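A short reminder: the numbers here are calculations on the coordinates, not readings from a lab. The structure displayed is predicted, hence computed values, not measured ones. Here Cβ is always computed from backbone atoms with ideal geometry, including for glycine, and neighbour counts include all displayed protein chains.
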């Protein structure tokens, strides 16, 4: 008996100039299933989903919905066909309320009077409650947590009648508890006949929630398999074409080095006058990895920017390698030996319109190895750049291709290549494996451990608790700009860290 598919993509080809991003890809979903799409960075999975959601148009190939051939030429047409996509970087207007964002685009949405908007708020709240996605519908987006903003995006697709819901790396900004709530929501969507397509690099999540799994490699669809017929190791091998050995941390008993970074009573204010860091004090010693866990928006971004010279502080002191920083200065931080992998690579880390060479030179162009008498050493700089691109496996058509045209994972690898090549005393790494496939992520973990082994230090800021617990010697949990807990490696567990991240540890202790 032939399979019944609600959505089919047949022999899809997508070219970007000379680059073949999708090579005759077949992809199909059944009604009422959770379908995971996996692949290395640059494998083509995001391209496939962007064609399905109307962001790109295929060069050739056919798309069928419920057996009917369709042409999807824009996100508006995709929405009309019942396809909604929740991007990793949310598409929300910060100054509008949650409800206004959801109805945005409806004809005459804002001149039908307050009663109309109140009815819409009630309708939206009912949808949110039905799927376990509660949030304050009348509050501006900028006042909502990242988890609540994601709920707004999901409810927006449901409100607009989406039958096929695409989620791009949906748990990357969530606490473990919020992730569990999301999984319950996915189960409810499935029960109501929705088809959920999930792109993620977290194999544990795939094995926890997916019904079927499709794996892409180098623009081709390698295999679609039932979850019951596979495991994490087999999926990793299928993604990268070889077995992946996890980085094993050496549990050495060597004494920690001298204090490299000493932060005392730091107060930092961010946008809208919000206090991002509140009387923050901690130390980082040479030869250790200190993990910083927390839900996005609790001061992690500001902490990284203060240490890298991007943001001034109102009160307190920062002493690095025996010298006190008097004012915020990016150049002073670079010259002192601090590297920075920012939260938003394209906003703060890379220049999207420039090629690999210019981006790799951004922090070292003044050095005698890169310039002489004020002129860049063009030939040797290109050879050096090519070596870094090869060493870090950055997939780019050429050194001159604008990095804005590369996949997110390859942008991240280029950024890491620049920062690690400097052999910093301190690496401030914010989500260093975000957007990386399992093989590339293990490579980054290996590089961070090598820095630690060379008596360098790493401040690892991540919402991925598996990553934090695997790599860190100590874990600091940030909540509302304060250190809610400092936990040793041996005592760390997901439940305890998650409770501190959510600000619920006190309630837990009172209940005991």
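Give the Rg (one decimal place) followed by the Dmax (whole number) of the chain, computed from C-alpha coordinates and expressed in Å.
23.7, 75
Round to the nearest 0.05 the FRET efficiency obtained for residue 66 and residue 347 when R0 = 35 Å and r is the Cβ-Cβ distance.
Details: r = 40 Å, r/R0 = 1.15.
Efficiency, rounded to the nearest 0.05: 0.30.
Taking a ≥ b ≥ c as the square roots of the Cα gyration tensor eigenvalues, with a/c under 1.5 meaning rounded and otherwise prolate when a/b beats b/c, else oblate, which class fits the range 1-89?
rounded
For the range 396-442, rounded, prolate or oblate, judged on the Cα gyration tensor with a ≥ b ≥ c (square roots of eigenvalues), a/c < 1.5 rounded, else prolate if a/b > b/c?
On the way: a/c = 2.29, a/b = 1.35, b/c = 1.70.
It is oblate, given that a/c is not under 1.5 and a/b is not larger than b/c.
From Cα pairs below 8 angstrom and at least 6 apart in sequence, can you work out the relative contact order of the range 376-512, rounded to a whole percent? Present the calculation step by step, with values, prior to reporting the outcome.
Numbers: 122 pairs, mean separation 19.4, N = 137.
Computed value for the range 376-512: 14 percent relative contact order.
Normalised by the number of residues in the range 404-448, what is the relative contact order in percent for Cα pairs under 8 Å and 6+ residues apart?
On the way: 20 pairs, mean separation 18.7, N = 45.
About 42 percent, as a whole number.
Hey, what angle do you get for helix 378-391 against the long axis of the chain, alpha-carbon based, 0 to 90 degrees rounded to 10?
60 degrees
Counting DSSP beta bridges with both partners in the chain, what percentage is antiparallel, nearest 5?
Details: 45 of 80 bridges.
Percentage antiparallel, nearest 5: 55.
So in the range 259-511, what percent of DSSP beta bridges are antiparallel if you round to the nearest 5? Numbers along the way, then the final one.
Details: 23 of 40 bridges.
Antiparallel bridges make up about 60 percent of those DSSP assigns within the range 259-511.
Please compute the length gained on full extension between residue 89 and residue 180, using 0.36 nm multiplied by the number of residues separating them and subtracting their Cα-Cα distance. List each step's numbers first, then the result.
On the way: separation 91, 0.36 × 91 = 32.76 nm, distance 2.05 nm.
Stretched fully, the residue 89-residue 180 segment lengthens by 30.7 nm.
Sort 164, 131, 90 so that the residue with the fewest other Cβ atoms within 10 Å of its own Cβ comes first and the one with the most comes last. Mind dumping the intermediate values first?
Details: 164 23, 131 19, 90 16.
The order, fewest Cβ neighbours first, is 90, 131, 164.
Order these by the 10 Å Cβ neighbour count, fewest first: 159, 500, 373. Spell out each step's value before the answer.
Numbers: 159 19, 500 25, 373 4.
Ranked by crowding around the Cβ, least crowded first: 373, 159, 500.
Using a 10 Å cut-off around each Cβ, can you sort 6, 74, 398 from fewest to most neighbouring Cβ atoms? Provide the component values of the computation, followed by the final result.
Numbers: 6 20, 74 12, 398 9.
Neighbour counts put them in this order, fewest first: 398, 74, 6.
Restricting to Cα pairs below 8 Å that are 6+ residues apart, what does the relative contact order work out to for the chain? Please round to a whole percent.
Details: 976 pairs, mean separation 79.9, N = 512.
The value is 16 percent.
Please give the helix 176-191 orientation as an angle from the longest Cα principal axis of the chain, in degrees from 0 to 90, rounded to the nearest 10.
Roughly 10 degrees, rounded to the nearest 10.
So for the range 7-240: antiparallel DSSP bridges make up what percent, rounded to the nearest 5? Can you show the working numbers first?
Numbers: 22 of 40 bridges.
Roughly 55 percent of the DSSP beta bridges within the range 7-240 come out antiparallel.
Given the DSSP H assignment, sum -39500 (n - 2.57) over each helix run of at least 4 residues in the chain and divide by its residue total; what's the result at 222 nm in deg cm²/dmol, nearest 500?
On the way: 17 runs with 169 residues, N = 512.
Taking each H run of at least 4 residues, the total per residue is -9500 deg cm²/dmol.
Taking a ≥ b ≥ c as the square roots of the Cα gyration tensor eigenvalues, with a/c under 1.5 meaning rounded and otherwise prolate when a/b beats b/c, else oblate, which class fits the range 7-240? Before the final figure, lay out each step's value.
Details: a/c = 2.00, a/b = 1.48, b/c = 1.35.
Since a/c reaches 1.5 and a/b is larger than b/c, the shape of the range 7-240 is classed as prolate.
Helix 114-130 sits at what angle to the longest principal axis of the chain, using alpha carbons and giving 0 to 90 degrees rounded to 10?
The angle comes out near 80 degrees.
May I ask you to compute the full-extension gain from residue 375 to residue 278, defined as 0.36 nm times their residue separation minus their alpha-carbon distance, rounded to one decimal in nm? Working shown, then result.
Values: separation 97, 0.36 × 97 = 34.92 nm, distance 4.45 nm.
Contour length minus Cα-Cα distance gives 30.5 nm.
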